[in-house]
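Asker: After the structure tokens below, expect a handful of questions from me.
The values are calculated or read from the model by the stated rules, or taken from the named source; none is laboratory data. All of these numbers come straight from a predicted model, not from anything done at the bench. For neighbour counting, all protein chains shown are included, and Cβ atoms are generated from backbone atoms with ideal geometry for every residue, glycine included. Only protein heavy atoms, including side chains, enter the accessible area calculation; ligands, DNA and RNA are left aside. Shrake-Rupley method; radii C 1.70, N 1.55, O 1.52, S 1.80 Å.
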Amino acid sequence: MKTFNELGIREDILRSLEDLDFVRPTPIQERVIPILLADHADAIALAQSGTGKTAAFGIPLLQSADAGSQQTQALVLCPTRELCLQVANDIAAYGKYVERVKVLAVYGGANIETQISALRKGVQIVVATPGRLNDLMRRGRVDISAINTVVLDEADEMLQMGFQEELNAILAETPADKNTLLFSATMPHELKAIIGRYMTDPVQVTIGRRNAGAENVSHQYYVVQAKDRYPALKRIVDVNPDIYSIIFCRTRQETQEIADKLIQDGYNAEALHGDLSQVQRDTVMNKFRRRNTQLLVATDVAARGLDVDDLTHVINYNLPDDSVNYTHRSGRTGRAGKTGISIILIHMREYHRIRELESKLKKSFSKHAIPMGAEICEKQLMKLIGTMKNIDVDNRQIDPFLPAVMESLKKLDREELVKRFVSVEFNRFLDYYRNAPDLNVVERKNRQENRADREEKKPGRKARDAYDRKKQDSESKVVFEGKKRRDESGDAYSESSTAYSRFKINAGKKDGASPSRLMAEINEIVGDRRIRFGKIDVLNNETILEVESRFAKKVLEAFQDVMIDDEPVVIEPANDEVIRDSGKRGFRRKKPPADRSGGNDGRQPYMGRKRFDGNSAGRGKMSKAKRSKPMRGASKNRRRKQSL
Ligand code: ADP
Ligand code: MG
């Protein structure tokens, strides 16, 4: 293991690392920093989240910045505004003693004029979200022609968020001889296309096993009935009195709901999702970072900006749609050499998802029983006793009251006294769990569960076995998903009731509109990539777009202020199928569309994605001239958000 000193880092940067208490480089820093400092080469660095990737590229960027020039020399692209801010702040911290080198974060949802005037003053390192940077490029407000390094941070996530086209546009405008550095926790297929297209002979550094969860995370799943998901969550929290955890939910609505319930039930919990203003989100994150909040209920996207090191658990209230997100979630615990636990609540019919994860992550997941009341009470009681034993007694303050207290308690013997003191704190649990039922699913011995049982008894089994079984599972998967729709139609997580609103937009191919650009624009403004899109037809002069009805109002708002060539974009309900709801929810369909099956299998957040592959001919041909006139999205909505 080397020291920072031995990596060739300049004195002024070393000083700031000392201030930050960075004693030694992390493995990815040790490998990547010397490469970036010495070589002018493209590089790919794959490492789990929390392994210190920001400094791995941030330090070399600072060190090679030319303070004598005001031109933008390095560009870091990040998927969300939170990450963008965090990365910019981190780099600024490493560069605290580096004189005359400026770092700026530019991201959507903040006033673009402020960002433009900051850029005008000359910034050597720009950290940006792809959406906002494109916007600035189209306005001619950012000059990336002298860039010598582009960093794609969390590249996998940027692609997942639908930024592919923005990335293409950005990379196409940077000088050909720049270095492209790609940092990612996972290596999905789409990333390989970017690498093939934009990188030349990249040096690759992989720390740990990519595509795998952190080594010291144990993965545990609990099987529950749909109606018991929340009570089971409470039990898991109760049986871990010192829990410090993020609870991941799939939608913002669910996130808020679970947080509200927990708060109502007396837990120290808060919600974090895209419906909150930036200021609210910052407040929530800061409280959680300082451990003033014990349980953070969050969506995947919102939690990405949060850098917290020592979570005891990550709880998957629902499984995410794909394994990449699961890797990101579980990577939030087990950091910095500590052990962590990733807990998953699943429904019986989701066994196959566990098998899929096992084979993708090459890890085995263990099934656990939902704790019973007695076990929880014992844990809580011992925690209480522990706290009591360790408490500092301030004798000076207490002593004066003691004679009266002693007098009042003198009839109680020791045992009685202990019981009563314990009860003061503990009755809440005793009451709640007095007649608490067993929440574990009674095993009906069907094929699937028997298989799960057998696996349970073979803890050392190889992930490859799980992979072999996947083929069998995939047959039954179709059946199970079909069933899920029918049987659980009352379940909030059922996909079958998704309603779509159809809009017509007076912008089409000739204006540079494309499905991915529209989706990325909408996602960035609404701030949640779980919005489902239906069919997106980009015609030459107009676009027909289907959006999940509950977001209809937001989408309308988002387009209020979008301009093409100084002409406002007009968005309107597309046909008479769409009716105005009581006003609160914008637009919705009278009835769900007859055929949803082609667009969405219920597991792909972007239903439009497949379709517009069919449109890609148009996208590929889009000329530069056309690129210069497409959508600008400085919507009122964004400004409003910021002013909250
Ligand atoms: P990643 O981008 O790989 O997810 P980050 O760069 O956000 O990880 O770093 C995770 C955390 O580790 C941050 O809090 C960061 O300040 C801290 N960190 C990074 N490098 C070091 C180091 N060498 N020593 C101690 N802490 C570090
Ligand atoms: Mg990072």
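Asker: Viscosity 0.890 mPa s, temperature 25 °C: what is the translational diffusion coefficient of the range 1-114 from Stokes-Einstein with a Kirkwood Rh over Cα pairs, rounded to a whole number of µm²/s?
Answerer: Numbers: Rh = 14.9 Å.
For the chosen part, D equals 165 µm²/s.
Asker: Can you tell me the Rg and Dmax of the range 67-111, counting just the alpha carbons, in angstroms?
Answerer: Spelled out, the Cα radius of gyration and Dmax of the range 67-111 are 11.3, 32 Å.
Asker: Quickly rank 236-245, 144-153 as a protection proxy: mean count of other C-beta atoms within 10 Å, highest first. Don't skip to the answer; put the middle values down first.
Answerer: Numbers: 236-245: 18.8, 144-153: 20.7.
Packing order, densest peptide first, comes out as 144-153, 236-245.
Asker: Would you mind getting the accessible area per residue of the range 217-372, heavy atoms of the protein chains only, 1.4 Å probe, in Å²? Display every interim value, and only then the final one.
Answerer: Details: 4710 Å² over 156 residues.
With the other protein chains kept in place, the range 217-372 gives 30 Å² per residue.
Asker: If packing is taken as the mean number of other Cβ atoms within 10 Å per residue, what is the order of 416-426, 124-134, highest first? It would help to have the intermediate numbers written out before the result.
Answerer: Numbers: 416-426: 12.4, 124-134: 26.4.
Ranking, from highest mean packing down: 124-134, 416-426.
Asker: Determine one quarter of the surface area of the Cα convex hull of the range 217-372, which equals its mean projected area, and express it in nm² to one decimal. Kindly include the intermediate steps, with their values, before the conclusion.
Answerer: On the way: hull surface 34.6 nm².
Answer in nm², one decimal: 8.7.
Asker: Now for a different question. By average Cβ neighbour count within 10 Å, what is the ranking of 297-303, 285-291, 156-162, 409-415 from highest down? Provide the component values of the computation, followed by the final result.
Answerer: On the way: 297-303: 25.9, 285-291: 15.1, 156-162: 24.3, 409-415: 8.9.
For the peptides 297-303, 285-291, 156-162, 409-415, the packing ranking is 297-303, 156-162, 285-291, 409-415.
Asker: Let me understand the range 4-206 better: what is its radius of gyration from the alpha carbons, and its Dmax, in angstrom?
Answerer: 15.6, 44
Asker: While we're here: Provide the per residue accessible area, probe 1.4 Å, for the range 1-148, rounded to a whole number of square angstrom. Before the final figure, lay out the partial values.
Answerer: On the way: 5880 Å² over 148 residues.
Roughly 40 Å² per residue, with all protein chains present.
Asker: What fraction of the Cα pairs in the range 193-281, stated in percent, has a spacing above 24 angstrom?
Answerer: Working: 1803 of 3916 pairs.
Pairs farther apart than 24 Å: 46 percent.
Asker: Pop out the carbon and sulfur fraction of the accessible area of the range 217-372 as a percent, whole number, probe 1.4 Å. Provide the component values of the computation, followed by the final result.
Answerer: Values: 2220 of 4710 Å².
Of the solvent-accessible surface of the range 217-372, carbon and sulfur hold 47 percent.
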